[in-house]
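Here the structure is laid out as structure tokens; the discussion comes afterwards.
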Amino acid sequence: MKRLLPLLLLVTLLLTACHGSQGMAEFAVPEEFDASRDYEITFWAKNDTNRTQVDIYEKAISDFEALYPNIHVNMRLYTDYARIYNDVITNISTGTTPNVCVSYPDHIATYLTGQGTVVPLDGLFADEQYGLGGSSLLYDGPSMDEMVPQFLEECRIGESHYAIPYMRSTEACFINKTYVEKLGYEVPDELTWDFLWEVSEAALAKNPDGTFAVNGQNVLIPFIYKSTDNMMIQMLKQLDAPYSTPEGEIQIFNDTTKDLLFTISPHAASQAFSTFKISSYPANFLNAGQCLFAIDSTAGSTWMGTDAPLCDIAPDKIVRFETVVRAIPQFDPGHPQMISQGPSVCIFNKRDPQEVLASWLFAQFLLTNDVQIAYSETEGYVPVTTKAQNDPAYVDYLSRGGEDNKEHYFAKIEAVQLLLDHTGDTFVTPVFNGSASLRDAAGQMIEEVCKSRRRGQTVDEAYMEGLFEKINSLYRLDQTAASIGGPGSADDLGPLPAMSKGLLIVLALTWCGIAVWWLRSRKKE
Amino acid sequence: MKKIFAVLLALSMVFALAACTSGSNEPAAEPEVDIFAKGEGVMTYAEYAAADLDTEVTVETFVQATQSWWDNTITAYTQDNEGAYFLYNMACSEEDAAKLVPGTKIKVTGFKSEWSGEVEIVDATFEIEEGEYIAEATDVTALLGTDEMIEHQNQFVAFKGMTVESEAIYKWDGSGADGDDLYFQVSKDGQTYTFTVESYLCGAGTEVYEAVKGLKAGDTVDMEGFCYWYEGLNPHITSVTVL
């Protein structure tokens with residue numbers, strides 16, 4: 001028995017060492033893809049609640065499976081990035097992540113806190129056989145040179161690329177030109193924030209019967225912003241004001257942020273300005289003649305305007321007006337800055353490298369021209385490859401804007417053209433574990449100020465101090481990567497909970513006890 | 001004999017007195033509690049309906065149903081004997097969420113708001129009070145397409161003898177999957193309406209969710225649910241019976 005004890009101790013030690021090690025071996029590209037085996041891969045896809053986009057995913061899967069009959073792709077549909085994020089987090093802990101997943105880089109940064117969870121793609125990009133434009137691919141994919149560099153760069157987290165871009169969009173301002181001109185203004189080619197505030201306040205003039213003079217209705221919200229996260233982020237960027245460092249140091253609580261909130265505040269009080277969260281979709285108000293400036297994603301352009309192919313309001317509520325599309329307002333129109341956004345695709349690591357390679361083959365297939373062009377045409381999306389952007393079929397599509405109110409709906413194609421013209425003016429915010437929370441916090445400050453003013457509350461210096469404190473605490477911005485150890489570090493999880501510390505102490509004491517008992521037993525021998 | 005009679009009489013008196021005493025010990029009938037009576041500082045439904053948007057409101061109401069608890073908030077369909085209140089994303093711990101069973105009386109303070117035509121209370125907090133009430137479904141079939149329908153907004157209502165126009169789809173355009181909201185169209189007197197099975201209220205696996213998935217065009221159905229609004233009537237259905 002005594003001889004058995006050291007062996008038992010060794011086994012226990014090995015088991016203890018294994019426990020808690022959730023990390024997966026680093027993925028290495030296999031020399032050959034083993035086409036003699038069958039693979040079942042799961043693809044978590046996001047669509048904009050758009051049946052055509054679902055159809056395109058399904059066709060892509062079917063076309064891919066025809067080329068690679070041994071790879072079967074099972075798709076799970078989402079319409080909300082937050083739901084994907086939550087489900088992935090849950091599945092990381094159970095080791096049941098999907099193989100291929102549409103994600104935002106902000107979210108991927110959090111996934112990376114699990115060791116080896118997401119596959120770094122640089123090795124796959126460069127692989128001669130299976131990489132971008134690789135010689136052994138069974139389809140005509142883009143080469144590295146044919147990826148739009150800005151979009152690819154957005155998928156870099158630290159030193160590696162952890163995703164490929166799938167589609168890109170930005171935001172645009174959809175304007176009721178008829179009403180702007182009725183108020184005595186011309187819509188400029190380049191909007192400024194001052195112009196929007198001025199026209200929005202002017203639009204609030206009322207008739208003696210209490211209706212708004214510009215639309216003759218009881219309801220009017222001249223300026224509605226869909227994503228206040230983007231609103232704050234872009235305003236700060238345009239003013240070259242701090243937001244965060246690439247390492248994750250939070251810098252948003254600064255005087256410029258405060259000034260911006262003070263600027264927005266009176267327009268929230270007068271109700272010249274509101275938000276999606278407070279009032280509803282900008283498109284619904286725009287199309288009902290109850291909004292002059294609706295800012296939303298270019299990927300929402302098919303909802304915007306009198307003749308929009310998609311609409312949520314009853315036909316008898318739609319008002320006829322002329323719609324124009326502009327870039328978002330700027331502080332310095334000579335140097336426009338606008339956000340780049342849209343879905344990217346990441347690959348989760350698995351124990352079987354061949355399964356990962358199969359996942360990569362499918363993910364890369366999403367970059368082929370047929371998929372890129374078809375999907376981008378469903379909304380105001382831009383293909384992420386120059387190969388697709390320069391394809392004659394795509395060039396022809398762009399040239400036919402306004403030919404009809406469906407496939408060639410003018411607002412959609414103008415929104416796309418806007419991003420194509422301004423790709424060099426786009427930016428993204430730094431990605432780190434916690435950057436998704438910072439993004440939420442940026443928008444929430446605008447929401448809070450708007451709600452407070454609508455409710456007759458005072459927004460002053462003291463209010464701002466309280467707001468900064470509240471948002472910092474609510475979004476746990478003092479617990480982001482930079483304050484602890486940088487992106488992807490194990491320290492990102494914060495200090496050990498008291499119970500864990502207690503368990504470790506008990507474990508240590510038990511080992512000490514065993515050691516003492518064993519030494520004493522040896523001594524007796 | 002007289003002595004015996006006197007003793008019997010005395011005993012009778014004792015018993016009679018005892019009976020009287022025991023009778024007087026019975027608890028007095030409790031005065032009927034009006035569970036709908038409003039406490040101090042609490043609005044009646046009429047006062048709530050008249051309040052401006054963005055003003056602070058305090059109401060006492062009874063939970064009729066809740067959506068799934070999420071991130072320390074809960075969305076509740078509530079009603080008293082005068083009207084209904086939709087409580088959107090009310091602050092609520094997971095522990096308290098378990099107490100919000102149908103019938104529970106709560107006192108709610110929040111801000112009156114409107115989102116796409118749906119009048120609701122947002123940024124709300126609540127406390128549980130004594131009392132229980134579950135509303136009967138009001139048959140509003142005859143009000144479909146009339147301006148009166150909005151007066152029943154958020155109430156538990158019934159629609160009788162509706163005709164299914166199309167099979168249910170996941171999400172408004174069929175772009176979702178099993179487990180997402182179900183949308184289906186029903187008609188009455190030549191007018192078509194979009195009804196919803198809200199997945200956070202009655203998700204996959206619930207009787208109504210599975211029943212609606214099985215509806216066929218041409219079916220005649222009776223339905224119950226909450227008179228929710230999104231750019232017009234958009235009831236959240238909780239039960240369906242194929243006739």
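The values are calculated or read from the model by the stated rules, or taken from the named source; none is laboratory data. Everything quoted here is computed from the prediction, not taken from an experiment. Here the Cβ positions follow ideal geometry from the backbone for every residue, glycine too, while neighbour counts run over all protein chains shown. Just so you know, the surface numbers come from the protein's heavy atoms only, side chains and all, with ligands and any DNA or RNA stripped out. Shrake-Rupley method; radii C 1.70, N 1.55, O 1.52, S 1.80 Å.
Exactly one residue out of A:90, A:110 is more than 14 Å from every other protein chain (Cβ to nearest Cβ) and either assigned to a helix (DSSP H, G or I) or more than 18 Å from residue A:432 (Cβ to Cβ) (or both), and it is A:110. Within region B:153-163, the set of residues being at negative phi and open to solvent by less than 40 Å² (accessible area, probe 1.4 Å) comprises B:153, B:155, B:156, B:157, B:158, B:159, B:162. Scanning region A:56-83 for residues that are open to solvent by less than 70 Å² (accessible area, probe 1.4 Å), within 13 Å of chain B (Cβ to nearest Cβ) and closer than 24 Å to residue B:183 by Cβ yields A:56, A:57, A:75, A:77, A:78, A:79, A:80, A:82.
Every test in (1) at pLDDT 95 or above; (2) under 22 Å from residue B:237 (Cβ atoms); (3) over 12 Å from the mean Cα position of the chain (by Cα) is passed by residue B:114 save one, and that test is (2). Looking at region B:164-174, can you tell me whether even one residue there is open to solvent by less than 40 Å² (accessible area, probe 1.4 Å), at pLDDT below 95 and over 23 Å from residue B:243 (Cβ atoms)? Yes, region B:164-174 has at least one match.
Here is a check on your reading of the model: is residue A:440 assigned by TED's automatic domain parsing to the domain that holds residue A:254, within 19 Å of residue A:242 (Cβ to Cβ) and open to solvent by 20 Å² or more (accessible area, probe 1.4 Å)?
Against the criterion (assigned by TED's automatic domain parsing to the domain that holds residue A:254, within 19 Å of residue A:242 (Cβ to Cβ) and open to solvent by 20 Å² or more (accessible area, probe 1.4 Å)), residue A:440 qualifies.
The residues on offer are A:95, A:114, and the sole one that is open to solvent by 50 Å² or more (accessible area, probe 1.4 Å) and closer than 27 Å to residue A:28 by Cα is A:95.
The residues listed here are A:84, A:89; of these, the one that is at pLDDT below 95, in contact with a Cys (Cβ under 7 Å, 6 or more places away or on another chain) and not assigned by TED's automatic domain parsing to the domain that holds residue A:244 is A:84. Annotation for region B:80-88: at least one member residue is open to solvent by less than 20 Å² (accessible area, probe 1.4 Å) and among the hydroxyl-bearing types (Ser, Thr, Tyr).
For every residue, the table says whether it meets (1) closer than 15 Å to residue A:298 by Cβ; (2) open to solvent by less than 10 Å² (accessible area, probe 1.4 Å); (3) not in a strand (DSSP E or B).
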position: A:140; (1), (2), (3): no, no, yes
position: A:145; (1), (2), (3): no, no, yes
position: A:151; (1), (2), (3): yes, yes, yes
position: A:168; (1), (2), (3): yes, yes, no
position: A:172; (1), (2), (3): yes, yes, no
position: A:178; (1), (2), (3): no, no, yes
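Of A:229, A:312, A:296, all but one fail to be in a strand (DSSP E or B) and either at pLDDT below 95 or within 20 Å of the chain's Cα centre (by Cα) (or both); the exception is A:296. Scanning for something within 13 Å of chain A (Cβ to nearest Cβ), out of contact with any Gly (no Cβ under 9 Å at 6 or more places or on another chain) and either within 15 Å of residue B:78 (Cα to Cα) or without any contact (Cβ under 8 Å) to a residue 60 or more places away in the chain (or both), does region B:123-137 turn up at least one residue? Within region B:123-137, none of the residues are within 13 Å of chain A (Cβ to nearest Cβ), out of contact with any Gly (no Cβ under 9 Å at 6 or more places or on another chain) and either within 15 Å of residue B:78 (Cα to Cα) or without any contact (Cβ under 8 Å) to a residue 60 or more places away in the chain (or both).
Does any residue of region A:327-349 turn out to be aliphatic (A, V, I, L, M) and either open to solvent by 10 Å² or more (accessible area, probe 1.4 Å) or modelled with pLDDT under 95 (or both)? Yes: one or more hits. Among the residues making up region A:455-469, a single one is part of a helix (DSSP H, G or I), open to solvent by 50 Å² or more (accessible area, probe 1.4 Å) and among the small types (Gly, Ala, Ser): A:462. Considering region A:31-52, the residues that are open to solvent by 70 Å² or more (accessible area, probe 1.4 Å) and either within 11 Å of chain B (Cβ to nearest Cβ) or hydroxyl-bearing (Ser, Thr, Tyr) (or both) include one that is farthest from residue B:180 (Cα to Cα), namely A:36. The residue list A:273, A:293, A:285 contains one member that is within 12 Å of chain B (Cβ to nearest Cβ), in contact (Cβ under 8 Å) with a residue 12 or more places away in the chain and buried (at least 23 other Cβ atoms within 10 Å of the Cβ), which is A:285. Return the residue satisfying two criteria in turn: it lies in region A:306-320 and is more than 10 Å from residue A:409 (Cα to Cα) and away from chain B (no Cβ under 11 Å), and of such residues it is most open to solvent (accessible area, probe 1.4 Å). Residue satisfying both the conditions and the ranking: A:320.
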